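Data block below; observations after.
The values are calculated or read from the model by the stated rules, or taken from the named source; none is laboratory data. Since the structure is predicted, the reported quantities are computational estimates derived from the model, not experimental observations. Here the Cβ is made from the backbone with ideal geometry for all residues, glycine too, and neighbour counts use every protein chain on show.
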Amino acid sequence: MTMADIRIFSYLPNPRVWKSLIAADLCGVEVEVVGDKPAKLGNWLWDFDARELRESEKSADNSNARVSRRGFSGTLYKTDAFLRAHPYGTVPAAFSADGQTGIFESNSILRSVVRASQESHALYGRDGREASRIDSFLDACLVFAREAQVYLLGIKSMTRETYNRMSAAYEFFLDGIEQALAEESFIATDVLTIADICFVCDFSQFLRERYMSRSLEALGLPPISADIGKHYPRAYQHLLDLGKSNEFARYLGDYLDGL
C-alpha cells in the first residue's frame, strides 16, 4: 500500500476536510482520512496512528487522558506526540507522511495538499501574486467560517445579538464574493483555484442553517441566507454549479440538496 502524502484525523463527515480531498483529486495528491462521528471521537486515541481505544484504555488513569476544553465535552485521549504536532489540540489534524509535522486549520491543510503536488496546475495560482490573492480569499473564508461555527452551534439558544453579528459577517463576506464573480468566472483568478474550493465547502456548511429554522422562528427571524439567490445570484449559482461537478459532488453528495 502506498503511503499517503498527507494523513488527516477528524470528525466525519466534515466539509472542512472535503476541501483537501477535492484539491487532492485535482492535483494528484494522496490524502488518507481517519476518523469517526463527532460523538464517537472520545473513543479514539488522537495520534498520527489514530485508532479506536479498547474499553480497558478508557479511564482517567490513561496517561493520554485530557480534559476537553473546546468543541467536545468529557475526556479525550491525545498522545504527547499529537500535542507536539498540534499545540491547539483540535481537529481536523493533518500530518506529513512521516507523522513528524502537524498541520492545523483547514485552509492550511488545503494549502499543504496543493504544495505536495508534483503536477502542473493553477490551484494555488500561477505565480506569487496570484497565490497572495488566493490567500486573501482564504483568510476571508476563515473569518466567515469561525463566525458561522459560533452561530450554528448556538442556533438552538439563539439571541438577536448573535443573529445580527452573523448577518453582518454574511453580508460582508458575500458582498466580496459577488463582486469578485462580476469580474471573472471564478473567485480569485480566471480559473478554478482553492479559493473556489474553500468557498463551496465553508459556505455550504453555513447554509445548513435552513434546516434549523425552527429555532429562529421562535424569535421571529428568518434564516440569514433565505434570499441568497435574490441578493447574491452570482455567488449562489457558483456554489450550485461547482457543487454539481463531479470533483465536488464526489464528496458533497446530496449536501446541497434542498438548499
Considering region 120-169, residues that are in a loop (DSSP other than H, G, I, E, B) and polar (S, T, N, Q), and then whichever is modelled with the lowest pLDDT, we arrive at 159
Picking from 63, 117, 59, 73, the residue that is touching a residue at least 40 places away in the same chain (Cβ under 8 Å), in a loop (DSSP other than H, G, I, E, B) and among the polar types (S, T, N, Q) would be 117
The residue that is farthest from residue 235 (Cα to Cα), considering only those in region 178-199 that are in a helix (DSSP H, G or I) and touching a residue at least 60 places away in the same chain (Cβ under 8 Å), is 194
The number of residues in region 76-100 that are surrounded by fewer than 19 Cβ atoms within 10 Å (Cβ to Cβ) and in a helix (DSSP H, G or I) is 4
Conditions (1) part of a loop (DSSP other than H, G, I, E, B); (2) under 29 Å from residue 25 (Cα atoms) -> residue 221 fails only (2)
Margin query: Being over 27 Å from residue 200 (Cβ atoms), in contact with a His (Cβ under 9 Å, 6 or more places away or on another chain) and charged (D, E, K, R): is that true of residue 58 here?
Written below: no
Over region 33-56, the set of residues among the charged types (D, E, K, R) and part of a helix (DSSP H, G or I) is 40, 55
Residue pairs qualifying under the 8 Å Cβ cut-off, at least six apart or on distinct chains, with the first in region 27-38 being in contact (Cβ under 8 Å) with a residue 12 or more places away in the chain and within 10 Å of residue 7 (Cβ to Cβ) and the second being part of a loop (DSSP other than H, G, I, E, B) and among the aliphatic types (A, V, I, L, M), are 30/3; 30/4; 31/4; 32/4; 33/12; 34/50
Cβ pairs under 6 Å, 6+ apart or interchain, first in region 6-18 and over 23 Å from residue 239 (Cβ atoms), second charged (D, E, K, R) and surrounded by fewer than 24 Cβ atoms within 10 Å (Cβ to Cβ), ordered by first then second residue, are 7/32
Any residue at all in region 224-233 that is within 18 Å of the chain's Cα centre (by Cα) and crowded, with 21+ Cβ neighbours inside 10 Å? no
Q: Say whether the condition of being in contact with a Cys (Cβ under 6 Å, 6 or more places away or on another chain), of a type outside the set (Asp, Glu) and under 27 Å from residue 13 (Cα atoms) is met by at least one residue in region 209-222.
A: no
The residue from 136, 106 that alone is surrounded by fewer than 17 Cβ atoms within 10 Å (Cβ to Cβ), of a type in the set (Ser, Thr, Tyr) and out of contact with any strand residue (DSSP E or B) (no Cβ under 8 Å at 6 or more places or on another chain) is 136
Screening 241, 257 for residues that are in a loop (DSSP other than H, G, I, E, B) and closer than 19 Å to residue 22 by Cβ leaves only 257
ask   = Scanning for something under 28 Å from residue 248 (Cα atoms), modelled with pLDDT of 95 or more, hydrophobic (A, V, I, L, M, F, W, C) and out of contact with any helix residue (DSSP H, G or I) (no Cβ under 9 Å at 6 or more places or on another chain), does region 9-25 turn up at least one residue?
value = no
